[in-house]
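> My questions all concern the structure below.
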Amino acid sequence: MNIDFAVPCLLGLEAPIAEELRDMGASDVRAENGRVLFSGDEHILARANICSRYSERIQVLIGSFEAHTFEDLFQGTKKLPWEIWIGREDKFPVKGYSLNSDLFSVSDCQSIIKKAVVERLKAVHKVQWFKETGALYQIQFSIMKNKVSLLIDTSGAGLHKRGYRTRANAAPIKETLAAALCYFAKLKDFHTLYDPMCGSGTILTEGTMLVKNIAPGLNRSFTAENWKQIPKEIWIGERERAKNGEKHDISFRAYGSDTDALALKTAKDNAERAGLSDYITFSCRDAVDFSPETDRGTVIVNPPYGERLMNETEASELYRKLGGVFTSKRGWSYYIITADEDFEKKFGRKADKRRKLYNGMIKCQLYMYFKNGD
Ligand SMILES: C[S@@+](CC[C@H](N)C(=O)[O-])C[C@H]1O[C@@H](n2cnc3c(N)ncnc32)[C@H](O)[C@@H]1O
């Protein structure tokens, strides 16, 4: 079956997602602001859930249309082929959001969409009442500038939930963003990665998973595993395929440190749960005393922004000191994500390149300092 998909993502991660989806064999991949659209079959549905490192979730795109009135919304929804997915026993709750549109009441949109889907399914399935005791088909809607997109979620819990991070420190970076930082840093399986303010160790764990080509969703389940349209063998086959793609015997090593002993304990536990303790070494250290174990390395770090963990003066002082230890020298590159717009001034050097990213709702930049000669 040819299926249209939509992937919502953190702003700034559209390009890595488009690339990973193409590599997975998805077709017609198109990046938009905050989401990526693509097509594929049932295998791609399972593969994207198991293997996507940067997406928030994988949704089946049922259809899109323009709506200015509740009648437009009702008729547009009713026209779509919901019966391809939703059977007479299945659950189909509705949730979503509306932005910059004539239809702004989310709860009204929610009930109108539900009513329209029920009307459609009543006629097709020849029933008057839906018990909704079967598999979950979570309907999601987005209305932006009067354009309605209707989707069914295939993932369940967000794809950033890999399963290894059961605890985190005060300001953890989202797993999808941490993985993307490693992508932007072009981290390879022969590199050495450092995160000298590692908190719960997300960047180190995601970096190691990336270079080892470990599929992030290998050890979790997805809503669509209960769908009759996607046979169990497909999920088994896709998990096997992902497992076979893992790299072993690599020289990659990662080093994490932090001044918070409790955060380090969490980081160690998380790395162990991900099965990666052999690759990552942790120590309790101040980042301003950064003295690496190797003569080449890639530093990827998410320091406090002067919002949640430190006040602004303390953060500024920290950035100034980091500029003194993250020196421009052969074999070293530095990637620092922060919301502080004056970062370069405080750090003391202009970045070779900057990239706008969002850490949740916080607008950040990734300041990239390449290796000498790159
Ligand atoms: C934004 S958090 C990092 C979160 C981390 N990326 C994660 O996913 O959990 C910043 C971390 O910097 C640590 N930190 C603050 N000042 C430090 C310093 N001078 N040296 C080392 N670590 C420091 C804090 O303890 C905190 O864990």
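The values are calculated or read from the model by the stated rules, or taken from the named source; none is laboratory data. This is a predicted model, so every value here is computed, not measured. Note that we place each Cβ from the backbone using ideal geometry, even for glycine, and neighbour counts take in every protein chain shown.
> Regarding the range 196-216, can at least one residue be identified that is touching a helix residue (DSSP H, G or I) at 6+ places or on another chain (Cβ under 6 Å), away from the ligand (no atom under 12 Å from the Cβ), farther than 25 Å from Ser277 by Cβ and not small (Gly, Ala, Ser)?
Checked the range 196-216: no residue is touching a helix residue (DSSP H, G or I) at 6+ places or on another chain (Cβ under 6 Å), away from the ligand (no atom under 12 Å from the Cβ), farther than 25 Å from Ser277 by Cβ and not small (Gly, Ala, Ser).
> For the range 1-46, give me every one of the strands (runs of 3 or more DSSP E) that falls completely inside it and has 2 or more residues that are touching a residue at least 40 places away in the same chain (Cβ under 8 Å).
Numbers: elements: 3-8, 27-32, 35-40.
Strands (runs of 3 or more DSSP E) meeting the threshold: 3-8.
A quick yes/no check of all residues on (1) outside the structural domain of Ala48 (by TED's automatic domain parsing); (2) among the aliphatic types (A, V, I, L, M):
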{"position": "Lys145", "(1), (2)": "no, no"}
{"position": "Arg167", "(1), (2)": "yes, no"}
{"position": "Met197", "(1), (2)": "yes, yes"}
{"position": "Leu204", "(1), (2)": "yes, yes"}
{"position": "Thr208", "(1), (2)": "yes, no"}
{"position": "Phe222", "(1), (2)": "yes, no"}
{"position": "Ile230", "(1), (2)": "yes, yes"}
{"position": "Glu238", "(1), (2)": "yes, no"}
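> Give me the pairs: first residue in the range 193-213 and under 19 Å from Tyr334 (Cβ atoms), second residue within 6 Å of the ligand (Cβ to nearest atom) and among the β-branched types (Val, Ile, Thr), beta-carbon distance under 8 Å, and six or more apart or on different chains, which are they?
Here the result reads Leu193/Ile203; Asp195/Ile203; Gly199/Ile173; Thr202/Ile173; Ile203/Ile173, each pair linking the range 193-213 to a residue that is within 6 Å of the ligand (Cβ to nearest atom) and among the β-branched types (Val, Ile, Thr).
> Determine if the range 273-288 includes at least one residue that is within 30 Å of Ile214 (Cα to Cα), of a type outside the set (Val, Ile, Thr), in a helix (DSSP H, G or I) and out of contact with any Leu (no Cβ under 8 Å at 6 or more places or on another chain). Explain how you work it out, then say what you get.
Looking only at the range 273-288, we keep the residues that are within 30 Å of Ile214 (Cα to Cα), and these are 273-285, 287.
Adding the requirement that they be of a type outside the set (Val, Ile, Thr) leaves 273-279, 282-285, 287.
Adding the requirement that they be in a helix (DSSP H, G or I) leaves 273, 287.
Now restrict to residues that are out of contact with any Leu (no Cβ under 8 Å at 6 or more places or on another chain): 273.
The answer is yes, given that some residue of the range 273-288 is within 30 Å of Ile214 (Cα to Cα), of a type outside the set (Val, Ile, Thr), in a helix (DSSP H, G or I) and out of contact with any Leu (no Cβ under 8 Å at 6 or more places or on another chain).
> So Asp295 clears everything in (1) without any contact (Cβ under 8 Å) to a residue 12 or more places away in the chain; (2) part of a loop (DSSP other than H, G, I, E, B) except one condition, right? Which one?
With (1) without any contact (Cβ under 8 Å) to a residue 12 or more places away in the chain; (2) part of a loop (DSSP other than H, G, I, E, B) applied to Asp295, the lone miss is (1).
> I would also like to ask the following. Sort through Lys350, Lys363 and tell me the only one that's exposed (fewer than 14 other Cβ atoms within 10 Å of the Cβ) and touching an Asp or Glu at 6+ places or on another chain (Cβ under 7 Å).
Values: Lys363 fails: touching an Asp or Glu at 6+ places or on another chain (Cβ under 7 Å).
Selected residue: Lys350, the only one of Lys350, Lys363 that is exposed (fewer than 14 other Cβ atoms within 10 Å of the Cβ) and touching an Asp or Glu at 6+ places or on another chain (Cβ under 7 Å).
> Being away from the ligand (no atom under 16 Å from the Cβ), part of a loop (DSSP other than H, G, I, E, B), of a type in the set (Phe, Trp, Tyr) and crowded, with 16+ Cβ neighbours inside 10 Å is the filter here, so list the residues in the range 114-173 that pass it.
Of the range 114-173, the ones away from the ligand (no atom under 16 Å from the Cβ) are 114-157, 159.
Still in the list and also part of a loop (DSSP other than H, G, I, E, B): 126-135, 137-138, 145-146, 154-157, 159.
Now drop any that are not of a type in the set (Phe, Trp, Tyr), which leaves 129-130, 137.
Matches in the range 114-173: Phe130, Tyr137.
> Same structure, new question: Would you say Lys268 is within 13 Å of the ligand (Cβ to nearest atom), of a type in the set (Lys, Arg) and either crowded, with 20+ Cβ neighbours inside 10 Å or touching a residue at least 24 places away in the same chain (Cβ under 8 Å) (or both)? Give the steps one after another, and end with the answer.
Values: within 13 Å of the ligand (Cβ to nearest atom): yes; of a type in the set (Lys, Arg): yes; either crowded, with 20+ Cβ neighbours inside 10 Å or touching a residue at least 24 places away in the same chain (Cβ under 8 Å) (or both): yes.
It is true that Lys268 is within 13 Å of the ligand (Cβ to nearest atom), of a type in the set (Lys, Arg) and either crowded, with 20+ Cβ neighbours inside 10 Å or touching a residue at least 24 places away in the same chain (Cβ under 8 Å) (or both).
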